[in-house]
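Comments concern the structure below.
Read the figures in this text as sums done on the coordinates, not as results from a lab. Computed from a prediction, not measured in an experiment: that's the story for all the values here. Because the Cβ atoms are built from the backbone with ideal geometry, glycine has one as well, and the counts that use them run over all protein chains shown.
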């Protein structure tokens, strides 16, 4: 979970700093970008991540259950001594690593952004958010905390490559509880930047720092990919797991 926290914390520097700026503009239309309303928005976003993480963990658990028999022996191992569970989790971890490396290149402008593949869903999401953020009541009336929480939930479902990478890590976790916790930790990692986006959006000069932010974010995503690669290879028995005290690094 340390890896997904770092992914959220530093990966969002180069990704969310540009992608979520427009979200803050939409939320500002409903006056929920300051004070306790902004707290409600972030709680709603974290709630969405936890739900998505639990679903991803449930999917991973279901696949693991389906592979319980598989082509392995009665003890769940194949001829190399690797469990079917390890084969599944290792393969998914390696796929997550490939996705992370691709995202790092996309953040540096070397390959098309992953979001371009999700453009139809992003447009649908954008239309929904524009409808939700239309100011129907007089400007003197503030949005309710429930409104802020609901808008945060909607934000959490924004199609995003960084979130997709975290969801794959949640699926590797292998249970709804661990999947939900994985996404909660990821979401907590993104809080510092998403909280600062509102302030940055008011200062046009911050855009000059975007290339540096992208480089830092891409580096963090690459390190996450390396960690997931080593984890996948360790699950396949090709390298050894590495522990730091009671924490498994991979």
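Things to note:
- Distance between the modelled labels on residue 47 and residue 121, one decimal in nanometres: 2.1 nm (7 Å Cα→Cβ projection).
- Semi-axes of the equivalent ellipsoid for region 93-180, Cα gyration tensor, largest first, Å: 32, 19, 9
- By the beta-carbon count within 10 Å of each Cβ, the least crowded to most crowded order of 224, 101, fewest first, is 101, 224.
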